[in-house]
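Notes follow once the structure below has been shown.
Values in this text are rule-based calculations from the coordinates and carry no lab data. Every value quoted in this text rests on a predicted model; they were computed, and no experiment measured them. So basically every Cβ, Gly included, is an ideal-geometry build from the backbone, and we count neighbours across all protein chains shown.
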Amino acid sequence: MSETMTIDDYLAQGGVLTNPSNAPPRYRGELLRLMATFVDSELAGSAGFAEVINDAPSLKARIAASRIVLEKTDHAERVLDLMGTFGADTARYAVHHPWAARLARDAEIGAARHGADRRLSVFHYPLQGWIDAVVMNVLMGRAVGIQLQEFSRLSYAPLAEVFREIAPREARHAELGEEGLARIVATEGGREVAQRSVDFWRPRVAASFGREDSPRFDTLRRFGLRRRTNHELVTAWMAEMAARLPAFGLA
């Protein structure tokens, strides 16, 4: 970085930071917000999925669900460790919120945060049994994949590296969900139940990408923390779902 270039200009031109001491206050705040949202969503997602493990129809399915719970918790820990380098109280963090807490199934909160943690809005809704959990995992798993593509290129190098490392495992979670969904729709009545879950989860997963007119996007882009708009991300996800779901006889 040139001696005459400000850090803001450096970031706006694609610069990369490698440790907390280089991060200006506003950048630190936005980066910590991003990390907290990821950590809280992984912890809330894994806690919700843990509650349906015993509903799995086979030992193989239980193993797959347990693997997802374990790895999502591990992913949260990796990002939480980075938050610790910025001064976050990591020892207290993981037990500070009721991660399994959910709102009513018919609650309408859109993309809004609720409660004291920063989980994505979709993780405030309860799962209703095994089929519902599998469908949610398929839809949200592909959404996470798109979000990780975005975050794997952000300007804080240590965090981008963590996201690149965990992206293949998150992709495998979505694949495990699709393997389970294929078995579900092959059973009598399974496709109909699965379609009802798709209808429930699709708009809620879409809302998890955030407002299309987010007032913070320009700041995030200037800091190198975002590239594509929320609209571009959700459009990519919707196109992927439109391409994948018909293979299961779902719309």
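Quick notes
- Karplus-derived 3J(HN,Hα), 6.51/-1.76/1.60, for each residue of the stretch 137-151, Hz, glycine and proline x: 5, 5, 5, 6, x, 6, 5, 4, x, 5, 5, 5, 4, 5, 6
- The stretch 64-113-the stretch 186-208 distance, computed between alpha-carbon centres (Å): 24
- For the peptides 43-49, 33-39, residues were scored by their other Cβ atoms within 10 Å and the scores averaged per peptide; the highest-first order is 43-49, 33-39.
- About its Cα centre, the dipole of the chain is roughly 80 debye, where the only charges are +1 on Lys and Arg Cβ and -1 on Asp and Glu Cβ.
- Helix 157-185 axis, angle to the chain major axis (alpha carbon atoms, nearest 10°): 10
- Every Cα-Cα pair of the stretch 160-251 was included, and the share exceeding 18 Å stands at 59 percent.
- Cα-based helix-to-principal-axis angle, 59-85 vs the chain, degrees rounded to 10: 10
- Using R0 = 45 Å, the C-beta based FRET efficiency linking Leu59 and Gln149 works out to 0.85.
- The stretch 123-237, dipole about Cα centre (Lys/Arg Cβ +1, Asp/Glu Cβ -1), debye to the nearest 20: 420
- Rounded to 10°, Cα long-axis angle of helix 25-50 versus longest principal axis of the chain: 20
- The chain, relative contact order in percent, only Cα pairs under 8 angstrom and at least six apart counted: 23
- For the stretch 31-132, the orientation-averaged shadow of the C-alpha convex hull comes to 6.7 nm² (one quarter of the hull surface).
- Percent of Cα pairs exceeding the 21 Å cut-off, where the set is the chain: 59
- Top of Arg191, Arg216, Arg202 by mean-square fluctuation, Gaussian network on the chain, Cα under 10 Å: Arg216
- Prolate/oblate/rounded call for the stretch 83-182, Cα gyration tensor, a/c under 1.5 rounded: oblate
- Based on C-alpha pairs under 8 angstrom that are at least 6 apart in sequence, the stretch 1-125 has a relative contact order of 30 percent.
- Shape of the stretch 1-81, Cα gyration tensor, a/c cut at 1.5: prolate
- A Gaussian network model of the chain, with springs between Cα atoms under 10 Å, assigns the largest mean-square fluctuation among Gly189, Gly14, Gly110 to Gly189.
- Averaged over residues, the count of other Cβ atoms within 10 Å places the peptides 144-157, 127-140, 61-74 in the sequence 127-140, 144-157, 61-74, highest first.
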